[in-house]
Amino acid sequence: MHADHSGRKEAREEGEMARALLAKSRETSAHAGNEPILEVRDLVKHYPLTQGILFKKQVGAVKAVDGVSFDLAAGETLGIVGESGCGKSTVARLLVHLEEPTAGAIRYKGEDITKLSGRALKAVRRNIQMVFQDPYTSLNPRMTVGDIIGEPYEIHPEVAPKGDRRRKVQDLLDVVGLNPEYINRYPHQFSGGQRQRIGIARGLALNPEIIVADEPVSALDVSVQAQVVNLLDRLQTEFNLSYVFIAHDLSIVRHISNRVGVMYLGRFAEIGTDEEIYEHPTHPYTQALLSAVPVPDPMAREYRERIILHGDVPSPANPPSGCRFRTRCWKAQERCELEVPLLAVPAVFRLTDTPARHDSACHFAEEKRVVPPEGTLEPLQEDAVPGESRPGPDVEKVDREARRPPSAGPANGNEGPPTPGGPVGADDGPPASTGPVSEPDPPASAGPGSEDDGPPPSGSSRAG
């Protein structure tokens, strides 16, 4: 009993110290002239679960967002990543006031926009615009491109007089890399990448200071993704924009973001600069996410460590007590079930001056480089052997040799014998059959009138 009381007292003191350090860091950044343009504090959005038809009774709530806090400076890009259903898109809708928050504050230049309405809210919305995820459904198919991009001017006529709107729309089309002569075309006449550029042009129409991009490249192919991301990067420099960039692709987020926040089940698990998150992650969930990213460098891939998470993501209607990641975490202990970890610098890193000194919501935070730098020949651990699979339910080595069928042989003629712990089955006795492989019988000739006679009918597609 006494030990439990002393443990809780120590945890309370650690929490107070973490809050003091966080307040001090914010005060220091404000004095340095980096006062945030957008401040989000303890943002909560719960969707009620009701029962009954005539007399509805609330029996629970889906906790989509449950205590999110962050700052966004002018000209900065904050990337938000996480699994599907963790609350990223809900945060985006709350920031532009498309959803009413259950609790918390969203301060734009010191003013809480959650308490605004009418003209005051309309004036703030002019400075916080959004680029939606799906370029196909976010554009009205009955409106021309000129009407879609010019629609914000109907709501805010003070930005552009009526006689000047067509020229402004054409200028915006040129800015996002589209021909101004396309102003009278309809959305179905454009490709997916071009439609997303139209959505970006609409977001720029009112000269906003903040753009919330909700997975703007997830519906596009890889080559078009690069074009759109480079366009956003260029527009940020030209118009001094601040981005909240939401995506699943960790490589894209790193390319465009100054800081990155990792969400899990409605809360931030870790937040820091791109170098801190990608090179020096301290939260187990962040480490598991990074271990799933494909590695292009063959040298780094040999020593790559893959972290396998077991079980499904818990329901946001009934999240676990304490740390929400504890049901899938290999470090979970009794403390994780009883105490909610604060998003602050872990105690083990507070007195250090390393990149691991950043906010992480874990009681047992530990720096771990999941993937070595490109071109490295050093293993992640001293006893690591290329191609060796480590025992254990949570961590395994990615072994390319083990995935190659035994009959395929070595990848090239210069490879020696397989390494210890390599593919099993090379010496497991002779194959089932050692005779020659007979050729399969040729297919029966197609009779007249079959689909193989002559060219395919017009409008049909055939596999090449």
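Overview of values
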read-out: In the stretch 324-349, residue most open to solvent (accessible area, probe 1.4 Å) [restricted to those that are touching a strand residue (DSSP E or B) at 6+ places or on another chain (Cβ under 9 Å) and within 20 Å of Glu275 (Cα to Cα)]; value: Leu343
read-out: Count - residues of the stretch 315-348 that are more than 22 Å from Ile271 (Cα to Cα) and assigned to a loop (DSSP other than H, G, I, E, B); value: 4
read-out: Meets criteria (of a type in the set (D, E, K, R) and open to solvent by 60 Å² or more (accessible area, probe 1.4 Å)) for Glu215; value: no
read-out: Test: residue in the stretch 45-66 that is surrounded by 13 or more Cβ atoms within 10 Å (Cβ to Cβ) and assigned to a loop (DSSP other than H, G, I, E, B); value: no
read-out: Unmet requirement for Lys115, which otherwise passes all of (1) open to solvent by 60 Å² or more (accessible area, probe 1.4 Å); (2) within 24 Å of the chain's Cα centre (by Cα); value: (2)
read-out: Residue among Arg167, Arg119, Arg142, Arg126 that is of a type in the set (D, E, K, R) and in contact (Cβ under 8 Å) with a residue 60 or more places away in the chain; value: Arg126
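Here's the yes/no breakdown for (1) hydroxyl-bearing (Ser, Thr, Tyr); (2) touching a strand residue (DSSP E or B) at 6+ places or on another chain (Cβ under 9 Å); (3) over 30 Å from Ala288 (Cα atoms); (4) in a helix (DSSP H, G or I):
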{"site": "Ile80", "(1), (2), (3), (4)": "no, yes, no, no"}
{"site": "Glu100", "(1), (2), (3), (4)": "no, yes, yes, no"}
{"site": "Ala105", "(1), (2), (3), (4)": "no, yes, yes, no"}
{"site": "Arg119", "(1), (2), (3), (4)": "no, no, yes, yes"}
{"site": "Met143", "(1), (2), (3), (4)": "no, no, yes, no"}
{"site": "Ile148", "(1), (2), (3), (4)": "no, no, yes, yes"}
{"site": "Glu151", "(1), (2), (3), (4)": "no, no, yes, yes"}
{"site": "Glu158", "(1), (2), (3), (4)": "no, no, yes, no"}
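Results for (1) at pLDDT 95 or above; (2) open to solvent by 70 Å² or more (accessible area, probe 1.4 Å), shown as yes or no for each residue.
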residue: Gly163; (1), (2): no, yes
residue: Ile211; (1), (2): yes, no
residue: Asp221; (1), (2): no, yes
residue: Gln227; (1), (2): no, yes
residue: Asp249; (1), (2): no, no
residue: Met263; (1), (2): yes, no
residue: Ala269; (1), (2): yes, no
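Yes or no, residue by residue, for (1) crowded, with 21+ Cβ neighbours inside 10 Å; (2) more than 23 Å from Phe239 (Cα to Cα); (3) modelled with pLDDT of 95 or more:
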site: Ser84; (1), (2), (3): no, yes, no
site: Val91; (1), (2), (3): yes, yes, yes
site: Leu94; (1), (2), (3): yes, yes, yes
site: Leu98; (1), (2), (3): no, yes, no
site: Ala105; (1), (2), (3): no, yes, yes
site: Lys109; (1), (2), (3): no, no, no
site: Ala123; (1), (2), (3): no, no, no
site: Tyr136; (1), (2), (3): no, yes, no
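The values are calculated or read from the model by the stated rules, or taken from the named source; none is laboratory data. No experiment lies behind these values; they were computed from the predicted model shown. Ideal geometry is used to build each Cβ from the backbone, glycine not excepted, and the neighbour counts take in all protein chains shown. Side chains included, ligands, DNA and RNA excluded: accessible areas come from the protein's heavy atoms. Shrake-Rupley method; radii C 1.70, N 1.55, O 1.52, S 1.80 Å.
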